[in-house]
Amino acid sequence: MPRQVRIEYEGALYHVMARGNRRNRIFASPDGGDEVLLLKTLGECCERSGFRVWAWVLMGNHYHLLVETPSANLVAGMAWLQNTYTRRFNSRHREWGRLFGDRYKSVLIESGGSGGDLYLRTLLDYIHLNPVRARIVPSESYGGLLDYPWSSLAKAFAVAPKAREPWMAVTDGLALFQCGDRAADRRHFVERLEERMKAEAAETCGLSEIQGQTLQSTLRKGWYWGSESFKESLLEKLEGLKGSELPVAKDFRSSDQARDHAHRDGEKIIAEAVGHFALSGGGSTDFMALPRGDLRRVAVAWALCRRTSLRQSWIAERLGLRSGDNVSAQVRKLSARSSKELSREIRAWMKKFQ
């Protein structure tokens, strides 16, 4: 799977999911000893890193966390958590080697903003309803959500403040749903989830779609859960990492994160070209209206190929150049021309990107 760059900043919220190597169990003790061990290790991680955990669920061969990082240190904190738990698990079971599969998945979550906390609320429910989608609840062993012991719903949201871990952000989580941290409100919070469990089909319980963005697809393959404005703010942060962290991710260019970043860069170049060539309006439609052989269109395609990782098929569609193969051929021909064959404005344009 293409690697995405970990974007870290103060106050960031992440959905973190890690699965056992080859989907093997990461909680193998029948008495729940491994789950207790992971929670103890998570608590130590929060003390060391300052993490605040909004929700969690442990599910046999994987776990889900909703984590806030006040100090912009997700990578360091997660490295300590997973390495420490692996060592303790192996010592406990007299095993050796890696416990987790590929690196943990982290998806940035929007909070506040123009959409309020809608995205954060849907994720909080998604985590707590995970045992329903896994068909563990309801069952003979666990009749309701509170009967499943390895979830922050039972261990934190349903109990008084003195009975929960200090690193849990329960009061803030309850406030997302206009609930106070009182017994009646906590009971209402649980009852609302129980009603969702009864009303929704097991395989889709807790899943949501907001403005065409599907939670299930996002958590499996995406890199953010939020609005377009939230994505733009993250791309701005990613821009600041281009000189340092991006080369570390060898296959970053093929990730969804890189695609969104490239689209943003491409649109900037197209907008700049509209101004440079003094075309009316603003956008690729200005170039589509040009005659087929007009080199200004090819010059923009040349700049896009030179400065972005955009697919040539995308460039062809945006600039009206028929196909990706045509883009490649036209760009090669333009590059082979002498400067005397090009207009002054095209020479000035190409000089910007040399």
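The values are calculated or read from the model by the stated rules, or taken from the named source; none is laboratory data. The structure presented is a predicted model; accordingly, all values stated were derived computationally and were not measured. When we count neighbours, we look across all protein chains shown, and the Cβ atoms used for this are built from the backbone with ideal geometry, even at glycine.
Restricting the search to the range 1-37, which residues are closer than 14 Å to L99 by Cβ, in a loop (DSSP other than H, G, I, E, B) and not basic (K, R)?
N24, I26, F27, A28, S29 - these are the residues of the range 1-37 that are closer than 14 Å to L99 by Cβ, in a loop (DSSP other than H, G, I, E, B) and not basic (K, R).
For the range 329-344, indicate whether the set of residues that are part of a loop (DSSP other than H, G, I, E, B) and within 39 Å of the chain's Cα centre (by Cα) is non-empty. Don't jump to the end; show me each part of the working.
Just the residues of the range 329-344 that are part of a loop (DSSP other than H, G, I, E, B), to begin with: 337-338, 342-343.
Filter once more, so that each one left must be within 39 Å of the chain's Cα centre (by Cα): none.
Within the range 329-344 (the criterion being part of a loop (DSSP other than H, G, I, E, B) and within 39 Å of the chain's Cα centre (by Cα)), the answer is no, since none of the residues qualifies.
Would you list the helices (runs of 4 or more DSSP H) that sit entirely within the range 214-323 and hold 2 or more residues that are modelled with pLDDT under 85 and over 14 Å from the mean Cα position of the chain (by Cα)?
Working: elements: 215-221, 228-241, 256-276, 285-288, 295-307, 312-319.
Ranges flagged: 228-241, 256-276, 285-288, 295-307, 312-319.
Output the residues belonging to the range 79-103 that are modelled with pLDDT under 95 and within 24 Å of the chain's Cα centre (by Cα).
Within the range 79-103, A79, W80, N83, G101, D102, R103 qualify.
Which of the residues spanning the range 68-88 are in contact with a Leu (Cβ under 7 Å, 6 or more places away or on another chain) and over 20 Å from P149 (Cα atoms)? Can you show your working first?
Within the range 68-88, the first condition is being in contact with a Leu (Cβ under 7 Å, 6 or more places away or on another chain), and the residues that meet it are 68, 81, 85-86, 88.
Those that are in contact with a Leu (Cβ under 7 Å, 6 or more places away or on another chain) and over 20 Å from P149 (Cα atoms): E68, L81, T86, R88.
How about the range 46-62: which of its residues are in contact with a strand residue (DSSP E or B) (Cβ under 6 Å, 6 or more places away or on another chain) and not in a loop (DSSP other than H, G, I, E, B)?
Scanning the range 46-62 gives R52, V53, W54, A55, W56, V57, H62.
Of all residues in the range 104-143, how many are closer than 16 Å to K198 by Cβ, among the aliphatic types (A, V, I, L, M) and part of a helix (DSSP H, G or I)? Spell out the reasoning first.
Of all residues in the range 104-143, those closer than 16 Å to K198 by Cβ come to 125, 128-129, 131-133, 135-139, 142-143.
Narrowing further to those that are among the aliphatic types (A, V, I, L, M): 129, 132, 136-137.
Cutting the leftovers down to part of a helix (DSSP H, G or I) gives us 132.
Of the residues in the range 104-143, 1 are closer than 16 Å to K198 by Cβ, among the aliphatic types (A, V, I, L, M) and part of a helix (DSSP H, G or I).
Give the residue, chosen from T122, T86, that is surrounded by 16 or more Cβ atoms within 10 Å (Cβ to Cβ) and either outside the structural domain of L37 (by TED's automatic domain parsing) or within 30 Å of L207 (Cβ to Cβ) (or both).
Numbers: T86 fails: either outside the structural domain of L37 (by TED's automatic domain parsing) or within 30 Å of L207 (Cβ to Cβ) (or both).
Criteria check complete, one pass: T122.
State yes or no: is E95 acidic (D, E), surrounded by fewer than 20 Cβ atoms within 10 Å (Cβ to Cβ) and within 22 Å of G173 (Cα to Cα)?
Against the criterion (acidic (D, E), surrounded by fewer than 20 Cβ atoms within 10 Å (Cβ to Cβ) and within 22 Å of G173 (Cα to Cα)), E95 does not qualify.
Only residues that are in a helix (DSSP H, G or I) and exposed (fewer than 14 other Cβ atoms within 10 Å of the Cβ): list them for the range 175-201, please.
Result: A183, A184, R187, E191, R192, E195, K198, A199.
Can you find a residue in the range 213-225 that is farther than 28 Å from D102 by Cβ and either of a type in the set (G, A, S) or free of Cβ contacts under 8 Å to residues at least 12 places away in the same chain (or both)?
So the first thing to find is which residues in the range 213-225 are farther than 28 Å from D102 by Cβ, and the list is none.
So far as the range 213-225 goes, no, none of its residues is farther than 28 Å from D102 by Cβ and either of a type in the set (G, A, S) or free of Cβ contacts under 8 Å to residues at least 12 places away in the same chain (or both).
Restricting to the range 202-213, and then to whatever is assigned to a loop (DSSP other than H, G, I, E, B) and either hydroxyl-bearing (S, T, Y) or at pLDDT 95 or above (or both), can you tell me which residue is nearest to P138 (Cα to Cα)? Please lay out each step first, then the result.
Going residue by residue through the range 202-213, those that are assigned to a loop (DSSP other than H, G, I, E, B) are 205-208, 211-212.
Checking the rest, the ones that are also either hydroxyl-bearing (S, T, Y) or at pLDDT 95 or above (or both) come to 205-208.
Numbers: C205: 12, G206: 15, L207: 18, S208: 21 Å.
Among those that are assigned to a loop (DSSP other than H, G, I, E, B) and either hydroxyl-bearing (S, T, Y) or at pLDDT 95 or above (or both), it is C205.
Suppose we keep only residues that are in contact (Cβ under 8 Å) with a residue 24 or more places away in the chain and not in a helix (DSSP H, G or I) within the range 72-94. Which one would you say is farthest from T41 (Cα to Cα)? I'd like the intermediate steps shown before the answer.
So in the range 72-94, the residues in contact (Cβ under 8 Å) with a residue 24 or more places away in the chain come out as 72-78, 80-82, 84-85, 88-89, 92-93.
Checking which are not in a helix (DSSP H, G or I) leaves us with 72-73.
Working: A72: 20, N73: 17 Å.
Among those residues, the one meeting the criterion is A72.
So how many residues does the range 52-85 have that are closer than 18 Å to L174 by Cβ and among the β-branched types (V, I, T)?
Looking only at that region, the number is 3.
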